[in-house]
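Contents: one structure, followed by commentary.
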Protein chains: 2
Amino acid sequence: MSIHDLLNQNFVAWMDAEKGPASDIVISSRVRLARNLRLVPFPHLLDEKRGNQVVEEIRKAWKKSGYHELLAMDLVTFNELPLLDRKILMEKHLISPEHSEASASFKGIMVNKDGSLAFMINEEDHLRLQCFLPGLQLMECYNRLQGVDDELEKYLDYAFDEKRGYLTSCPTNVGTGMRASVMLHLPALAISGQLNRIFQNVNQLGMTVRGLYGENTDAVGNFYQLSNQITLGQTEEDIINNLTGITEQIVEQERLTRERLLKEMPYQIEDRIGRAYGILTNARVMTSNEAMLHLSDVRLGVDLGIIKGLKPFALNELIVALRPAHLQKKAGKEMEPFERDVKRAEVIKEKLARYQK
Amino acid sequence: MSIHDLLNQNFVAWMDAEKGPASDIVISSRVRLARNLRLVPFPHLLDEKRGNQVVEEIRKAWKKSGYHELLAMDLVTFNELPLLDRKILMEKHLISPEHSEASASFKGIMVNKDGSLAFMINEEDHLRLQCFLPGLQLMECYNRLQGVDDELEKYLDYAFDEKRGYLTSCPTNVGTGMRASVMLHLPALAISGQLNRIFQNVNQLGMTVRGLYGENTDAVGNFYQLSNQITLGQTEEDIINNLTGITEQIVEQERLTRERLLKEMPYQIEDRIGRAYGILTNARVMTSNEAMLHLSDVRLGVDLGIIKGLKPFALNELIVALRPAHLQKKAGKEMEPFERDVKRAEVIKEKLARYQK
């Protein structure tokens with residue numbers, strides 16, 4: 001498989017809403033495991049030579065293994081991948097914004113065709129194994145990663161301490177090295193002003209809430225990323241079950257609030273959704289943030305049955321297709337912000353028309 | 001002809017844009033002549049008995065005359081016409097807001113089937129003869145009124161002074177008793193910030209600018225009413241020619257500015273127009289003022305050829321069909337403001353769908 005298959009399409013596995021439980025509210029699930037090689041400095045202390053050795057060790061392990069998940073992956077270092085393509089990977093949520101900025105030969109990615117598995121090489125840790133799936137499927141993500149992780153461990157000497165568990169670059173990851181997260185769409189809780197209270201409760205349960213693109217990004221369009229803070233003193237299964245349980249509760253509250261809003265203020269809700277759809281399908285210029293706001297309302301309309309014929313998959317695809325790098329990849333050229341805003345409006349119209357029966 | 005034909009349809013003559021010159025910018029032309037009966041107090045000093053005598057004198061003159069324009073009219077006093085119907089006439093611009101509030105037996109209207117002629121009885125003057133036509137047709141309006149006025153003068157003893165001309169209740173109308181006005185749609189001049197300058201010039205030329213429903217009403221949706229201030233010392237033809245000339249200049253400036261805007265900022269203009277259309281056709285709740293703002297943009301889109309298949313007539317009809325009395329007449333019941341806002345959104349969708357091919 002070549003990474004270019006992935007770069008040249010919008011699709012990645014987590015968009016496939018029909019395959020994910022509770023995918024009206026839980027857009028995607030992600031689990032990542034941070035792993036490092038014993039006796040090798042962490043990436044921020046690596047020079048190019050030492051860094052390249054890390055890449056080669058990982059490459060060797062990959063080549064040696066006959067594991068089916070690993071066989072289906074490609075390994076690319078970022079000296080071989082233009083910035084635009086790295087941004088594409090970032091916009092698909094497969095790598096972090098920081099990692100996408102790196103062009104060094106010892107930074108890279110291993111990824112499979114549908115982007116359900118994406119491993120960052122020499123990001124904050126030597127290896128960050130990630131699995132992405134649509135809807136609420138944290139345990140499925142973990143299980144897939146565990147298979148890969150066990151296999152790689154046969155060929156890689158992981159930095160592991162009997163007492164502390166996996167050692168990581170940042171102390172907050174020591175232990176399981178695991179971060180599990182879900183991307184939630186919570187428009188009704190936002191409209192009804194309940195989010196602050198819920199997020200406070202979530203924090204007290206050891207979870208963190210962030211925006212769409214992780215740390216230091218804003219929550220645009222009522223999309224929130226919920227993840228575990230604690231990696232030490234709990235088993236992987238406990239962390240997954242805990243986050244799954246909290247997510248199920250939030251999903252239930254969002255669903256009840258949607259029903260209540262639709263009952264108490266049907267015209268206002270339909271109006272909000274209708275206007276968002278009308279603007280998206282008729283505007284000629286649109287910023288990314290504005291698009292996300294309207295897409296949030298349209299998604300709510302689809303979930304409530306007010307907008308018919310439009311698939312949640314199309315909306316997931318749009319979240320990504322409207323980002324700057326995807327727009328430029330599609331246009332085949334670099335574009336100024338205003339040009340992108342024009343192209344964005346064009347892409348929205350095209351996509352909404354194509355998917356609506 | 002019965003006034004109910006007029007009350008039960010949205011259509012009035014001035015909406016018929018295809019029949020009016022420059023009707024992309026000049027919505028309608030109106031001329032009115034203020035006339036009073038000799039030796040009878042002006043309306044604000046009339047008691048019911050004396051007022052009814054005025055109505056009867058007018059009715060007698062109307063019955064005696066065999067003039068074709070008069071034969072085609074109906075005379076109704078406002079004790080016979082419910083408030084809702086009087087509001088309908090006001091919203092069609094055929095009577096003033098003040099006149100629509102009156103329910104006395106000596107207040108009334110004479111009107112023909114398409115509303116091109118509408119005479120207010122005992123409004124500010126005993127008789128206010130009005131003619132309304134689409135586009136820039138002030139002289140045509142005046143010519144039709146002159147025919148009617150000459151005919152009525154055969155049977156009515158008008159208060160006329162050789163030196164001062166026609167005597168009127170308000171001194172500003174003495175002389176010709178004539179007010180000529182045009183309703184203009186000036187979105188490009190508004191967008192480009194040129195209106196203040198133009199209106200200042202217009203004032204210096206003895207003209208007044210007002211909102212959509214005349215004195216004391218705001219200009220909503222870039223619709224402006226331009227009329228002569230002076231009624232004394234000029235002939236009717238001079239007044240008409242003067243206002244026609246000024247209007248033609250403003251039309252020219254609006255057209256040039258539209259071309260310039262479309263050349264200099266095509267995306268922004270198309271965006272503005274597209275969004276207005278998208279909101280109008282997808283909203284579920286809409287206030288009257290918001291509707292006028294979007295209709296103004298959609299009308300500009302139709303004029304510029306950006307929106308196709310929608311007729312200016314449909315937009316003229318909507319200006320009136322969306323007003324509170326028309327909405328309530330259509331719904332067949334009184335409605336609270338929020339109910340009207342819901343009904344209004346419904347009517348907009350229906351009309352835009354019906355007229356768009």
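List of remarks:
- Matching entry among B:156, B:184, B:152 (being part of a strand (DSSP E or B), modelled with pLDDT of 95 or more and either more than 25 Å from residue B:249 (Cβ to Cβ) or not acidic (Asp, Glu) (or both)): B:184
- If only residues of the range A:48-76 that are open to solvent by 70 Å² or more (accessible area, probe 1.4 Å) and basic (Lys, Arg) are counted, the one that is farthest from residue A:336 (Cα to Cα) is A:64.
- Single residue of the range A:275-293 satisfying the filter (assigned to a loop (DSSP other than H, G, I, E, B) and either within 11 Å of chain B (Cβ to nearest Cβ) or of a type in the set (Lys, Arg) (or both)) that is nearest to the chain's Cα centre (by Cα): A:286
- Residues of the range B:314-355 that turn out to be within 13 Å of chain A (Cβ to nearest Cβ) and under 18 Å from residue B:15 (Cα atoms), as a count: 2
Residue-wise test of (1) of a type in the set (Lys, Arg); (2) modelled with pLDDT of 90 or more; (3) open to solvent by less than 10 Å² (accessible area, probe 1.4 Å).
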{"site": "A:144", "(1), (2), (3)": "yes, yes, no"}
{"site": "A:169", "(1), (2), (3)": "no, yes, no"}
{"site": "A:172", "(1), (2), (3)": "no, no, no"}
{"site": "A:179", "(1), (2), (3)": "yes, yes, no"}
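- Answer residue from the range A:260-274, given it is facing another protein chain (nearest Cβ under 9 Å) and touching a residue at least 12 places away in the same chain (Cβ under 8 Å) and is nearest to residue B:281 (Cα to Cα) among those: A:274
- When the range B:309-333 is filtered for residues that are touching a residue at least 40 places away in the same chain (Cβ under 8 Å) and not in a helix (DSSP H, G or I), the ones remaining, listed by number, are B:309, B:310, B:311, B:323.
- Residue within the range A:77-97 that is in a helix (DSSP H, G or I), under 30 Å from residue A:235 (Cα atoms), open to solvent by 10 Å² or more (accessible area, probe 1.4 Å) and in contact with a Gly (Cβ under 9 Å, 6 or more places away or on another chain) present: yes
- Residue B:305 falls short on exactly one of the conditions (1) open to solvent by 20 Å² or more (accessible area, probe 1.4 Å); (2) at pLDDT below 95; (3) at negative phi, and that condition is (3).
Results for (1) over 19 Å from the mean Cα position of the chain (by Cα); (2) open to solvent by 10 Å² or more (accessible area, probe 1.4 Å); (3) modelled with pLDDT of 95 or more; (4) among the small types (Gly, Ala, Ser), shown as yes or no for each residue.
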site	(1), (2), (3), (4)
B:311	yes, yes, no, no
B:332	yes, yes, no, yes
B:342	yes, yes, yes, no
B:349	yes, yes, no, no
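- The residues of the range A:35-47 that are assigned to a loop (DSSP other than H, G, I, E, B) and either open to solvent by 60 Å² or more (accessible area, probe 1.4 Å) or without any contact (Cβ under 8 Å) to a residue 60 or more places away in the chain (or both), listed by number, are A:38, A:39, A:41, A:47.
- Criterion violated by residue B:238 - all others in (1) within 25 Å of the chain's Cα centre (by Cα); (2) open to solvent by 20 Å² or more (accessible area, probe 1.4 Å); (3) in contact (Cβ under 8 Å) with a residue 40 or more places away in the chain; (4) more than 14 Å from every other protein chain (Cβ to nearest Cβ) satisfied: (3)
- Residue A:165 fulfils the conditions (1) on the phi < 0 side of the Ramachandran plot; (2) open to solvent by less than 40 Å² (accessible area, probe 1.4 Å); (3) not charged (D, E, K, R) except for a single criterion, (1).
- For the residues A:59, A:30, A:50, the requirement of being of a type in the set (Lys, Arg), not assigned by TED's automatic domain parsing to the domain that holds residue A:299 and not in a helix (DSSP H, G or I) singles out A:30.
- Count - residues of the range A:241-266 that are open to solvent by less than 40 Å² (accessible area, probe 1.4 Å) and either of a type in the set (Ser, Thr, Tyr) or not in a helix (DSSP H, G or I) (or both): 3
- Matching entry among A:296, A:227 (being assigned to a strand (DSSP E or B) and either among the small types (Gly, Ala, Ser) or within 14 Å of another protein chain (Cβ to nearest Cβ) (or both)): A:227
The values are calculated or read from the model by the stated rules, or taken from the named source; none is laboratory data. Here the structure is a predicted model, which means the values were calculated and not measured. Because the Cβ atoms are built from the backbone with ideal geometry, glycine has one as well, and the counts that use them run over all protein chains shown. The accessibility values were calculated without ligands, DNA or RNA, using every heavy atom of the protein model including side chains. Shrake-Rupley method; radii C 1.70, N 1.55, O 1.52, S 1.80 Å.
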